[in-house]
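The values are calculated or read from the model by the stated rules, or taken from the named source; none is laboratory data. Given the structure is predicted, the values throughout are model-derived calculations rather than measurements. Every residue, glycine among them, receives a Cβ derived from its backbone with ideal geometry; neighbour counts consider all protein chains shown. What goes into the accessible areas is simple: the full protein's heavy atoms, side chains included, and nothing from ligands, DNA or RNA. Shrake-Rupley method; radii C 1.70, N 1.55, O 1.52, S 1.80 Å.
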Amino acid sequence: MDAGQLEGRKARARAWFEGLRDDICAALEVVEAAAPPALYGDVAGRFVRTPWTRADHTGAAGGGGTMAMMKGRLFEKVGVHASTVHGEFAPEFRAQIPGAETDPRFWASGISLIAHPLNPNVPAVHMNTRFVVTSKAWFGGGADLTPVLAARRTQADPDSRDFHAAMRAACDAHAAVAPYDKFKTWCDEYFLLKHRNEMRGIGGIFYDYLASGDWDADFAFTQEVGRAFLRTYPALVRRNMALPWSDAQREEQLVRRGRYVEFNLLYDRGTVFGLKTGGNVESILSSMPPVVKWP
């Protein structure tokens, strides 16, 4: 593609990710405000936005983003971040990125979200989508659900069924570029804590290096992943948020959150990418649960 076409695609992708961030923040604030005061107290949280900038390994300005964090009553911690970064990959990182082996320049824009609800009956969730440009260009991302109670960590649970159905529908609507079975299996294999031989959650979809040759189709699918999340997760929260919980369930939740920390620090590619490209440390590590235990 020519330079003008590429710049247009970058602008479209960035605008979508930033708009999706705004839509998700608004939707989660509505759910936060609707939480029953008898369980959560009277003062609902709101997102606080904090801009940040970065420099690449040469010291040159390299873009940045905005952290949107809410520490509320229903959502103990939720972050919805959008960023657009550029520059050069450090020499030790170039061989790991397609298209960066001989030309270290890159550009990347995306959205990343993690929610840790207070109520153990409400599942934690993660979603991210991105557009990356080196001498090649591709989309990646996905979404996965993490119930924290063993009794809810089944494929038969209504939350699991509805989340999987939403991700399947997103793929099926763009089947030419988004094979659901492949992306579901990729998610199951990716979000595996190898040292424990257990999944982080109940799965979802995961995809990377999506460059089918039809950019518009790849972008349309990536947009649909965001829309599917926006339709589905707030509804799951509403379904569960009025359920009471016990001290034992809270303890189980905190121990399960420890698995989340283990995965993010040991295996998560997004964490490694962000830290090795000079990203905002607070934003990258905001995925960590606010309170956690190891028994």
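When all alpha carbon pairs of the stretch 48-202 are counted in 10 Å bins from zero, the resulting P(r) reads 10, 28, 33, 23, 5, 0 %.
Each principal axis of the Cα atoms in the stretch 103-185 has its own extent, and those three values, largest first, are 49, 30, 17 angstrom. Here the Kirkwood formula puts the hydrodynamic radius of the stretch 27-114 at 15.4 Å, using every distinct Cα pair. Under a Gaussian network description of the chain, with springs only between Cα atoms under 10 Å, the residue in T129, T232, T84 that fluctuates furthest is T232. Projected onto planes of every orientation and averaged, the convex hull of the alpha-carbon atoms in the chain covers 15.0 nm². The lysines whose alpha-carbon is closer than 25 Å to the alpha-carbon of K293, local same-chain residues fewer than 8 away aside, are K71, K77, K194.
When the charge dipole of the chain is built from unit charges on Cβ atoms (+1 for Lys and Arg, -1 for Asp and Glu) and taken about the Cα centre, the candidate among A115, G274, A173 whose Cα reaches farthest toward its positive end is A115. When you restrict to C-alpha pairs under 8 Å that are six or more residues apart and normalise by the size of the chain, the relative contact order lands at 17 percent. For a straight C-alpha distance cut-off of 23 angstrom, the lysines reachable from K10 (same-chain residues fewer than eight places away being disregarded) are K136, K276. One quarter of the surface of the convex hull around the alpha-carbon atoms of the stretch 167-219 equals 3.9 nm², the direction-averaged projected area. Calculated accessible area for the chain comes out at 42 Å² per residue, all protein chains present (probe 1.4 Å; ligands, DNA, RNA ignored).
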